[in-house]
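The values are calculated or read from the model by the stated rules, or taken from the named source; none is laboratory data. Keep in mind the model is a prediction, meaning the values are calculated, not measured. Quick reminder, even Gly has a Cβ in these numbers, built from the backbone with ideal geometry, and neighbours come from all protein chains shown.
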Amino acid sequence: MSWKQYVRSVQAAQRREERAAARRYRELERAHKALQKQAEREYAAAEVAKYENYVELLVSVHVDGGPMWDWNRTAATPPPSQPVPGTAREMSARADLDSYRPGFFEKLLGGAKKRQAELEALVAHARIQDESEYQVALNVFRADLDRWNKEQWLAPRVLAHDPPACLAALEHASAFAEVETFGAKVRFEAIRNDVATLSCSITDPEVVPKEELKLTAAGKISTKELPPSRYWTLFQDHVCSCALSVSRETFAVIPVTRAIVNVWVQQLNPATGHVEPACMLAVHFTRRGLGGLRLEAVDPSDSMKNFNHRMKFKKSTGFEPVEPTSDEEGWVTT
């Protein structure tokens with residue numbers, strides 16, 4: 001092979017190597033774009049799923065309720081038992097130390113002192129573990145005792161329908177945590193004649209989304225404004241779901257047979273030009289009536305037909321204000 005032929009062959013080999021590297025680069029670039037596209041699809045699907053889940057939760061606030069409180073049983077509950085310091089770990093480690101008998105070669109090679117020190121260290125460590133376990137149990141006991149003392153104070157007062165105690169019981173049970181997750185504020189107003197009166201204020205004007213997210217055939221997010229009828233239907237169901245939840249939690253904590261719930265929404269007052277709270281739903285719930293419903297299956301808005309209520313609603317324009325209800329009204333009867 002001549003010198004020129006050799007040079008040409010080397011140059012050809014270099015070009016082949018460069019072409020192979022270029023092919024590999026293009027393959028990696030295609031793989032990267034495919035992974036990026038898949039990640040974008042997964043992100044879009046997750047966002048749409050999150051939106052759909054939020055809308056579902058929005059109209060089913062009433063479905064999950066807290067436990068029923070039996071204040072008579074609570075009053076008869078004995079106090080928690082105070083823990084006693086434990087020594088089980090230390091005794092076990094000390095037994096190992098006391099039973100240790102070094103062998104001949106351990107004594108000869110000096111391993112006995114090392115093993116003795118290790119066993120003594122294990123006894124000290126076990127003592128610390130026993131003390132730590134006792135302190136944890138003591139902290140739990142103190143928290144349980146505080147809770148027991150509070151519930152012992154509450155029980156007779158709640159059974160007697162004492163208003164401050166009923167309010168304290170609702171707070172103690174975190175009764176309205178689910179509703180308040182959506183920015184609503186629940187206020188316990190009165191308890192009289194076996195009727196509890198509460199108000200629920202929906203304070204977040206954007207609690208119901210005005211846009212709808214969907215997944216296109218290409219795996220991308222499609223956003224469009226909700227039609228007024230769809231938006232107001234969701235808003236109505238959310239308002240009614242909140243009312244159902246407030247009454248359910250009230251019946252779970254307070255031993256009353258009736259509950260009045262007035263739901264307030266921030267709305268522009270055309271007479272003043274200011275955004276002001278307006279009552280949009282006033283409902284008189286009965287324990288028997290609510291207990292007869294399969295709450296996980298009802299339509300929140302339709303379920304209002306089971307109770308005396310006030311609500312003015314049009315799918316095209318939404319709510320109109322109504323008069324709030326009180327326990328003094330004639331139609332609030334058993």
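Let's see how each residue does on (1) under 31 Å from the mean Cα position of the chain (by Cα); (2) surrounded by 15 or more Cβ atoms within 10 Å (Cβ to Cβ); (3) part of a strand (DSSP E or B):
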{"position": "V275", "(1), (2), (3)": "yes, no, yes"}
{"position": "L295", "(1), (2), (3)": "yes, yes, no"}
{"position": "V298", "(1), (2), (3)": "yes, yes, no"}
{"position": "F313", "(1), (2), (3)": "yes, yes, yes"}
{"position": "S316", "(1), (2), (3)": "no, no, no"}
{"position": "S326", "(1), (2), (3)": "no, yes, no"}
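Looking at the range 188-229, which of its residues are surrounded by 14 or more Cβ atoms within 10 Å (Cβ to Cβ) and closer than 22 Å to D299 by Cβ?
Once the filter is applied, which keeps residues that are surrounded by 14 or more Cβ atoms within 10 Å (Cβ to Cβ) and closer than 22 Å to D299 by Cβ, the range 188-229 yields C200, I202, V207, V208, P209, E212, L226, P228.
Filter the range 141-176 down to residues that are aliphatic (A, V, I, L, M), surrounded by fewer than 19 Cβ atoms within 10 Å (Cβ to Cβ) and touching a residue at least 40 places away in the same chain (Cβ under 8 Å) and give me whichever is nearest to V59 (Cα to Cα).
Only one residue tops the list, namely A173.
Identify the single condition in (1) touching a Ser or Thr at 6+ places or on another chain (Cβ under 8 Å); (2) at pLDDT below 75 that A126 does not satisfy, given that it satisfies every other one.
Unmet condition: (2).
E90 is checked against (1) at pLDDT 75 or above; (2) surrounded by 11 or more Cβ atoms within 10 Å (Cβ to Cβ); (3) more than 31 Å from the chain's Cα centre (by Cα) and fails just one. What number does that condition carry?
The number of the failed condition is (1).
Out of contact with any strand residue (DSSP E or B) (no Cβ under 7 Å at 6 or more places or on another chain) and in contact (Cβ under 8 Å) with a residue 24 or more places away in the chain: is that true of S201 in this structure?
For S201, the condition - out of contact with any strand residue (DSSP E or B) (no Cβ under 7 Å at 6 or more places or on another chain) and in contact (Cβ under 8 Å) with a residue 24 or more places away in the chain - is not met.
Within the range 225-263, work out how many residues are in a strand (DSSP E or B), of a type outside the set (A, V, I, L, M) and farther than 26 Å from P156 by Cβ. Let's see the steps before the verdict.
First pass over the range 225-263, keeping only residues in a strand (DSSP E or B): 225, 258-263.
Applying the additional criterion that residues be of a type outside the set (A, V, I, L, M) yields 225, 258, 262.
Add one more test, that the residue is farther than 26 Å from P156 by Cβ, and what stays is 225, 262.
Adding up the residues that qualify gives 2.
Against the condition at pLDDT 95 or above and of a type in the set (D, E, K, R), how does R248 come out, does it pass?
So R248 fits the description; yes.
Results for (1) under 30 Å from A252 (Cα atoms); (2) at pLDDT 75 or above; (3) part of a helix (DSSP H, G or I), shown as yes or no for each residue.
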residue	(1), (2), (3)
V48	no, yes, yes
N53	yes, yes, yes
H62	yes, yes, no
P67	yes, yes, no
